[in-house]
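Chemist: Have a look at the structure that comes next, please.
The values are calculated or read from the model by the stated rules, or taken from the named source; none is laboratory data. These figures come from a predicted structure and were not determined experimentally. Using ideal geometry, Cβ is built from the backbone for each residue, glycine included, and neighbour counts are taken over all protein chains shown.
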Amino acid sequence: MSLFDASTRTELVSSVTQRLAKRRMSAFSVAGEEPCRVHVEAAVDALERDTEAGTAEAMRVVAVAFTNTFLAHGLGYSDLTFFTRLLRERARELAPAHQRAAIEQWCYDHLVVSTTHFMVQRDDALQREAAQRDIERFESQLAELRVALNEKTQLLELIREASTPIAPVVPGILVVPLVGTFDRFRAELLTERLLDAIGQSRARVTILDISGVPVFDTDAAQLVIRLARSVRLLGAKVILVGMSPDNARTIVELGVALDGMMTCRALQDGLRAALAIQRLKLVSTEF
Amino acid sequence: MREYSGAALSSFIVGLSEHQAVVDKLVADSGVDRIDPEAWYDIEWAFDLFNKIEKKLGRAAVIKVGRSMTETAVYPPEVDSAEKILSGVGSWWALNARGPGIGTITCEWEDEHSAVIECTAYRNHCTLMTGILEGACMRYGITPLVEHGPGSCIQQETGDMCVYRVSW
């Protein structure tokens, strides 16, 4: 036998639906009357079936469906309890007295299941929000790191360019003072820039001043030899100046041959030699 | 001109004493050396400061400040329960803000443990308002559930008022 007769059932569904839909600023008023009616009917069906069968199976299904539907419309915990309280209140009023205890238990179980599901969904949403915030924070840190890296790269580029200056001291003569460690990267950079400068200025002599290179070892010597070969291919000569006694001894001990490369002790000597190659000489003039 | 009371602003700042250095800097960056409890401040300036503080210190810090604002505020002796303080929260706002269009806060009871608060004050500051409502109840030993109603929110530009449901 059904818990409610047809007219009582209609009254129950109608009154609960209307109260839900009229609840101000709630998930129910946002969703509208029709979804409210659908869920109230489903809940009353489940209440009748479970009460008759003595189970709570139908209740679980409708409680989860109810929570899912209204969560999409901003369901809050007070809305959730309002639904169950209202249904309980009206069902108890309209049901036969001997069924009130069963209704009480069903509504209690409905509240427990829907609350649990609500908490799970809320927790899931919070975790998603936290993960999203983490992603935003990491992206922001990454962007800051990219900016810092760009600035550092630009600064390094500036330092590299400043560390390999090419000075056209006299027409046809370039002076390249090397300062600091002369490694493969700097050698490649210098080769590229020097060949460009020779091409543009039509220089015939390049003076490489290595007095600022602290350690002139095999690797550095090989790099200078390769640089000199490239320069010679453009028809220019290389004069190596600024060789310290220690560096000269090291080169001899290592057996590095600087054949085909003129060496001078100081920059002035190198400049004098370069002027001679250019058939030029410095004269003092009085104004 | 709409203005916000220095007293309320001071209680906001005092509530952030754990982050004094950050708050001092934000206040100084806003062009003010110190908050004078006797003075009135441009409400847009005050709200902009709230925004900056929320952005810098996060939602939890602002909720905490909102709580301390109502927990520590001075009320007449007849206000002696959560129900009375929630019912009078609109008057509290009217004492702390002045000028045209400052907005209102109204309270309507659904039952003895559930109130609906409609707010057009504290525009764009749902977090602070949540804290204020929590603090109103916590002052009388009640830890309430404060939920922002769906469907209308000034901050999210989905309506011209914010509705909070306070229940315990």
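Chemist: Taking the criterion of being surrounded by 10 or more Cβ atoms within 10 Å (Cβ to Cβ) and under 23 Å from A:ALA31 (Cβ atoms), would at least one residue in the range A:130-145 satisfy it?
Modeler: Looking for residues that are surrounded by 10 or more Cβ atoms within 10 Å (Cβ to Cβ) and under 23 Å from A:ALA31 (Cβ atoms), one finds none in the range A:130-145, hence no.
Chemist: Is there any pair linking a residue in the range A:76-91 that is outside the structural domain of A:GLY32 (by TED's automatic domain parsing) to one that is polar (S, T, N, Q) and not in a helix (DSSP H, G or I), with Cβ under 6 Å and at least six apart or on different chains, and which?
Modeler: From the range A:76-91, no pairs qualify.
Chemist: Exactly one condition in (1) surrounded by fewer than 21 Cβ atoms within 10 Å (Cβ to Cβ); (2) modelled with pLDDT under 95 is not met by A:TYR108; state its number.
Modeler: Of everything listed in (1) surrounded by fewer than 21 Cβ atoms within 10 Å (Cβ to Cβ); (2) modelled with pLDDT under 95, A:TYR108 misses just condition (2).
Chemist: Further question: Scan the range B:3-18 for residues that are surrounded by fewer than 17 Cβ atoms within 10 Å (Cβ to Cβ) and either acidic (Asp, Glu) or touching a residue at least 40 places away in the same chain (Cβ under 8 Å) (or both) and jot them down.
Modeler: B:VAL14, B:GLU18
Chemist: For the range B:137-152, how many residues are facing chain A (nearest Cβ under 10 Å) and not in a loop (DSSP other than H, G, I, E, B)?
Modeler: Residues in the range B:137-152 being facing chain A (nearest Cβ under 10 Å) and not in a loop (DSSP other than H, G, I, E, B): 4 in total.
Chemist: Name every residue in the range A:235-287 that is free of Cβ contacts under 8 Å to residues at least 24 places away in the same chain, of a type in the set (Val, Ile, Thr) and farther than 23 Å from A:ASP219 by Cα, in order of residue number.
Modeler: Answer for the range A:235-287, where residues must be free of Cβ contacts under 8 Å to residues at least 24 places away in the same chain, of a type in the set (Val, Ile, Thr) and farther than 23 Å from A:ASP219 by Cα: A:VAL283, A:THR285.
Chemist: Still on this structure: Quick one: A:ARG128 ticks every box in (1) within 33 Å of the chain's Cα centre (by Cα); (2) part of a loop (DSSP other than H, G, I, E, B) except a single one, so which number is it?
Modeler: Answer for A:ARG128: the failing condition is (2).
Chemist: Can you tell me which condition B:ALA60 does not meet? The list is (1) more than 14 Å from chain A (Cβ to nearest Cβ); (2) surrounded by fewer than 15 Cβ atoms within 10 Å (Cβ to Cβ), and all the others hold.
Modeler: (1)
Chemist: Further question: Could you list, in sequence order, all residues of the range B:139-163 that are under 16 Å from the mean Cα position of the chain (by Cα) and farther than 16 Å from A:THR81 by Cβ?
Modeler: Of everything in the range B:139-163, those that are under 16 Å from the mean Cα position of the chain (by Cα) and farther than 16 Å from A:THR81 by Cβ turn out to be B:ARG139, B:HIS148, B:CYS153, B:ILE154, B:GLN155, B:MET161, B:CYS162, B:VAL163.
Chemist: Go through the range A:37-47 and count every residue that is of a type outside the set (Gly, Ala, Ser) and either closer than 15 Å to A:TYR108 by Cα or within 14 Å of chain B (Cβ to nearest Cβ) (or both).
Modeler: The qualifying residues number 2.
Chemist: I want to confirm something. Restricting to the range B:103-136 and keeping residues that are within 17 Å of B:MET69 (Cβ to Cβ) and of a type in the set (Val, Ile, Thr), which single residue is nearest to the other protein chains (Cβ to nearest Cβ)?
Modeler: Ranking the candidates gives B:ILE117 first.
Chemist: Now for a different question. What is the residue count in the range A:226-236 for residues that are within 19 Å of A:VAL175 (Cβ to Cβ) and either out of contact with any Lys or Arg (no Cβ under 9 Å at 6 or more places or on another chain) or crowded, with 19+ Cβ neighbours inside 10 Å (or both)?
Modeler: 7
Chemist: Do the conditions hold for B:ALA21, that is, is it over 19 Å from B:GLU134 (Cβ atoms), touching a strand residue (DSSP E or B) at 6+ places or on another chain (Cβ under 6 Å), in a helix (DSSP H, G or I) and without any contact (Cβ under 8 Å) to a residue 60 or more places away in the chain?
Modeler: So B:ALA21 fails the test.
Chemist: Also: Sort out which residues of the range B:104-122 are crowded, with 18+ Cβ neighbours inside 10 Å and not in a strand (DSSP E or B), and write them in order of number.
Modeler: The answer is B:ALA121, B:TYR122.
Chemist: Select from the range B:92-102 the residues that are free of Cβ contacts under 8 Å to residues at least 60 places away in the same chain and buried (at least 19 other Cβ atoms within 10 Å of the Cβ) and write down the one among them that is nearest to the other protein chains (Cβ to nearest Cβ).
Modeler: Once the filter is applied, the top-ranked residue is B:TRP93.
Chemist: Under 7 Å by Cβ, and 6 or more places apart or on different chains, what pairs join a residue from the range A:2-31 that is away from chain B (no Cβ under 13 Å) and under 27 Å from A:HIS98 (Cα atoms) with one that is aliphatic (A, V, I, L, M) and in a loop (DSSP other than H, G, I, E, B)?
Modeler: Going by the 7 Å Cβ cut-off, the qualifying pairs are A:LEU3/A:ALA95; A:PHE4/A:ALA95.
Chemist: Which of the residues belonging to the range A:57-83 are within 14 Å of chain B (Cβ to nearest Cβ) and part of a helix (DSSP H, G or I)?
Modeler: Hits for the range A:57-83 are A:THR69, A:PHE70, A:LEU71, A:TYR77, A:SER78, A:ASP79, A:LEU80, A:THR81, A:PHE82, A:PHE83.
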